[in-house]
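Colleague: I am attaching a structure below and will ask some questions about it afterwards.
The values are calculated or read from the model by the stated rules, or taken from the named source; none is laboratory data. Predicted, not measured: the structure shown is a model, and the values here were computed from it. Cβ sites come from the backbone with ideal geometry, for glycine too, and all protein chains shown count toward neighbours. Note: accessible area is taken over every heavy atom of the protein model, side chains too, but ligands, DNA and RNA are not part of it. Shrake-Rupley method; radii C 1.70, N 1.55, O 1.52, S 1.80 Å.
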Amino acid sequence: MDRVKRLGPHQSWILHRLGYLGYATKKGGEPDLSAVEELASRLSLDINRLIIAVEAALKAANARRPEDVALLPPVLTLPEKVVLLEALAKSDRFHLKKSISAFDADKIPRNVDPDAYRREKRFRKAYLYNLHLLNPEGRPTLLGYALAYRIAKGADAVSSYLKLLDASGRLKYVVALEALAMDVGTMRELKNLIEAYEEALASLGHRLDLGTAYYVFSGMKSDVEDFMIGLAKPLEWLLEILET
């Protein structure tokens with residue numbers, strides 16, 4: 001959190017997103033991790049697949065040492081999102097479709113502890129928001145609704161998620177947002193990130209062409225050695241697309 005707070009204005013959006021990801025309470029204090037320990041224990045991440053995802057994030061960020069993982073922004077990369085979604089989809093206690101649907105209803109169910117219910121929803125929101133399935137207000141996005149529908153029809157959650165991201169045009173914006181989070185500033189760095197992602201996703205069993213992410217950026221010739229790049233459209237526009 002201290003490192004993120006020192007980021008430049010072009011990355012201040014990361015700190016804003018952290019407010020929805022459980023890194024701090026609504027009053028700004030540190031969260032009580034013991035309160036969600038039992039909830040987190042419901043998930044069983046595949047450590048070998050997680051290693052593939054984290055190594056891809058390190059490669060995308062041009063990290064050279066294992067301890068450089070501490071320098072990665074607290075925003076999940078696409079390979080990490082795939083591993084997380086696999087765990088959520090397999091968990092009978094998390095129940096991915098019901099979790100998305102719960103955010104489409106404002107009423108607290110009868111015969112439940114209201115505080116426990118709100119605490120569990122906050123826990124689930126941290127995951128679903130990071131996957132772009134919920135917006136900041138905690139309502140399902142179009143992607144969230146579509147994924148819940150596909151799951152209800154018996155489709156594989158992860159494959160459907162990636163197909164929906166791609167078909168809706170959101171995939172390139174997801175990759176672009178993560179590139180900004182890792183301070184990618186040149187075409188060479190973006191190419192390195194895309195190649196690292198594609199290689200990791202293939203190792204995880206999902207082959208994707210992420211080349212459309214190049215078109216989210218515009219470039220100008222640098223005086224150094226590479227092409228400097230920047231978003232072709234305002235960041236606010238990109239975030240709005242992912243939160244709709």
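Colleague: For the condition charged (D, E, K, R), out of contact with any strand residue (DSSP E or B) (no Cβ under 9 Å at 6 or more places or on another chain) and in contact (Cβ under 8 Å) with a residue 12 or more places away in the chain, what is the one hit in Arg49, Arg110? Give the steps one after another, and end with the answer.
Modeller: On the way: Arg110 fails: in contact (Cβ under 8 Å) with a residue 12 or more places away in the chain.
Selected residue: Arg49, the only one of Arg49, Arg110 that is charged (D, E, K, R), out of contact with any strand residue (DSSP E or B) (no Cβ under 9 Å at 6 or more places or on another chain) and in contact (Cβ under 8 Å) with a residue 12 or more places away in the chain.
Colleague: Considering only the range 75-105, how many residues are part of a loop (DSSP other than H, G, I, E, B) and either open to solvent by less than 30 Å² (accessible area, probe 1.4 Å) or on the phi > 0 side of the Ramachandran plot (or both)?
Modeller: Here is the first cut: in the range 75-105, the residues part of a loop (DSSP other than H, G, I, E, B) are 75-77, 91-95, 103-105.
Then drop every residue that is not either open to solvent by less than 30 Å² (accessible area, probe 1.4 Å) or on the phi > 0 side of the Ramachandran plot (or both), which leaves 75, 77, 91, 94-95, 103.
So the count comes out to 6.
Colleague: Sticking with this structure for a sec: Any residue at all in the range 12-21 that is of a type in the set (A, V, I, L, M, F, W, C), open to solvent by less than 60 Å² (accessible area, probe 1.4 Å), over 16 Å from the mean Cα position of the chain (by Cα) and at pLDDT below 75? Before you say what the answer is, go through the steps one by one.
Modeller: Applying the first criterion (of a type in the set (A, V, I, L, M, F, W, C)) to the range 12-21 yields 13-15, 18, 21.
From what is left, the residues that are open to solvent by less than 60 Å² (accessible area, probe 1.4 Å) are 13-14, 18, 21.
From what's left, over 16 Å from the mean Cα position of the chain (by Cα): none.
No, the range 12-21 contains no residue that is of a type in the set (A, V, I, L, M, F, W, C), open to solvent by less than 60 Å² (accessible area, probe 1.4 Å), over 16 Å from the mean Cα position of the chain (by Cα) and at pLDDT below 75.
The rows are residues; the columns are (1) aliphatic (A, V, I, L, M); (2) in contact (Cβ under 8 Å) with a residue 24 or more places away in the chain.
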position: Val83; (1), (2): yes, yes
position: His95; (1), (2): no, no
position: Asp115; (1), (2): no, no
position: Gly144; (1), (2): no, yes
position: Ala148; (1), (2): yes, yes
position: Ala157; (1), (2): yes, yes
position: Ser160; (1), (2): no, no
position: Leu171; (1), (2): yes, yes
position: Leu180; (1), (2): yes, yes
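Colleague: Condition first: over 17 Å from Leu50 (Cα atoms) and hydrophobic (A, V, I, L, M, F, W, C). Now tell me which residues in the range 187-213 satisfy that.
Modeller: Correct list: Met187, Leu190, Leu193, Ile194, Leu208, Leu210, Ala213.
Colleague: Looking only at helices (runs of 4 or more DSSP H) that fall completely inside the range 133-233, which ones have 2 or more residues that are open to solvent by 30 Å² or more (accessible area, probe 1.4 Å) and in contact with a helix residue (DSSP H, G or I) (Cβ under 6 Å, 6 or more places away or on another chain)? Please lay out each step first, then the result.
Modeller: Numbers: elements: 142-152, 157-167, 171-181, 187-203.
Passing ranges, in order: 142-152, 171-181.
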